[in-house]
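Asks: One structure, as structure tokens, below. Some questions next.
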Amino acid sequence: MRLPTDAEIRALHVKHAPTEEAFELVHTHCQIVCAIALRLADRAGLGVDAELVRAGSLLHDIGVYPLYGEDGRLDHAGYVRHGILGHELLRAEGLPEILCRFCSHHTGVGISREDVLRQGLPLPPRDYLAESAEEELVMYADKFHSKTDPPRFVTAGAYAAHVRRYGDDKAEAFASMCAAFGVPDLRPLAAAYGHEIV
Ligand SMILES: [Fe+2]
């Protein structure tokens, strides 16, 4: 299977971004998540396919673009749908299922069918849980950077405090990913991108 290059992925972002600002926000975030994931993957013993992690992380949030309205504003209420929207977008672009899945299986620490029903999420009721080590690593790396205004890096402690609101099981899932993958040093990336760490 030939995976798309960084340039091909960038071109897909450009094609689907409604504005230059949206492109900058989402594509930069994807590059940062890619850098975090690849640094973690470098650690001995993880045994992940680094090329798949690269392509998956660079594509994971492409489904945010369809959530921008005519007025250029993001539909925050429907934000949780960005995963399935990205999956559909990449499938329509002819990309393989293994890449489409990075979009639909990276939200939070994994969304279960039960979460969809209990929280009344605007998603078809099924599991959206990372299955492969590559999917889990991209999902995990994504938690350390946020597309807020301005964008910020998020420490493991700050994310743990955030995710606890969704249940002890979510906090435990995040803690076990921290143990499995390690906690990234965000300082070099924060300096390189000029984004604050919170
Ligand atoms: Fe993301």
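Taken together, the values in this text are just the output of simple stated rules run on the coordinates, not laboratory data. Keep in mind that what you see is a predicted model, and the values were worked out from it rather than measured. When we count neighbours, we look across all protein chains shown, and the Cβ atoms used for this are built from the backbone with ideal geometry, even at glycine.
Asks: Taking a ≥ b ≥ c as the square roots of the Cα gyration tensor eigenvalues, with a/c under 1.5 meaning rounded and otherwise prolate when a/b beats b/c, else oblate, which class fits region 1-81?
Replies: Details: a/c = 2.64, a/b = 1.96, b/c = 1.35.
Verdict is prolate for region 1-81.
Asks: Choose one answer from Ile98, Ile84, Ile111: the residue with the largest mean-square fluctuation in a GNM of the chain with alpha-carbon springs under 10 Å.
Replies: Ile98
Asks: Given axes a ≥ b ≥ c from the Cα gyration tensor, I'd like to know whether region 6-144 is rounded (a/c under 1.5), prolate (a/b larger than b/c) or oblate. The partial results should precede the final answer.
Replies: Details: a/c = 1.73, a/b = 1.12, b/c = 1.54.
Taking the square roots of the gyration eigenvalues as a ≥ b ≥ c, region 6-144 is oblate.
Asks: Debye calculation, C-alpha points only, no solvent: report log10 I(q)/I(0) for region 85-198 at q = 0.10, 0.18, 0.19, 0.22 Å⁻¹, in the same order as the q values.
Replies: Once normalised to I(0) and log-transformed, intensities are -0.33, -1.03, -1.12, -1.30.
Asks: I've got another one for you. Report the gain in length on full extension from Asp71 to Ala191: 0.36 nm times residue separation, minus Cα-Cα distance, nm rounded to one decimal. Display every interim value, and only then the final one.
Replies: Working: separation 120, 0.36 × 120 = 43.20 nm, distance 3.27 nm.
Result for the pair: 39.9 nm of gain on full extension.
Asks: Please give the FRET efficiency for Ala180 paired with Glu114, using the beta carbon to beta carbon distance and R0 = 25 Å, rounded to the nearest 0.05. Intermediate values should be presented prior to the final figure.
Replies: Working: r = 23 Å, r/R0 = 0.92.
The pair Ala180/Glu114 has a calculated efficiency of 0.60.
Asks: State, to one decimal in nm, how far the label point of Glu172 lies from the label point of Glu21, with both points 7 Å from Cα in the Cβ direction.
Replies: Each label point is offset 7 Å from its Cα along the Cβ direction, giving 4.3 nm.
Asks: What dipole magnitude, in Debye to the nearest 20, does region 6-144 give about its Cα centre under +1 on Lys/Arg Cβ and -1 on Asp/Glu Cβ?
Replies: Working: 13 positive and 23 negative charges, 49 e Å.
That gives region 6-144 a dipole magnitude of about 240 debye.
Asks: Along the charge dipole of the chain, pointing to its positive end and built from +1/-1 on Cβ of Lys, Arg, Asp and Glu, which listed residue (Ala158, Gly69, Ala35) has its Cα farthest out?
Replies: Ala158
Asks: Under a straight-distance cross-link criterion of Cα-Cα below 17 Å, which lysines are reachable from Lys170, leaving out those fewer than 8 residues away in the same chain?
Replies: Qualifying lysines at Cα under 17 Å: Lys143.
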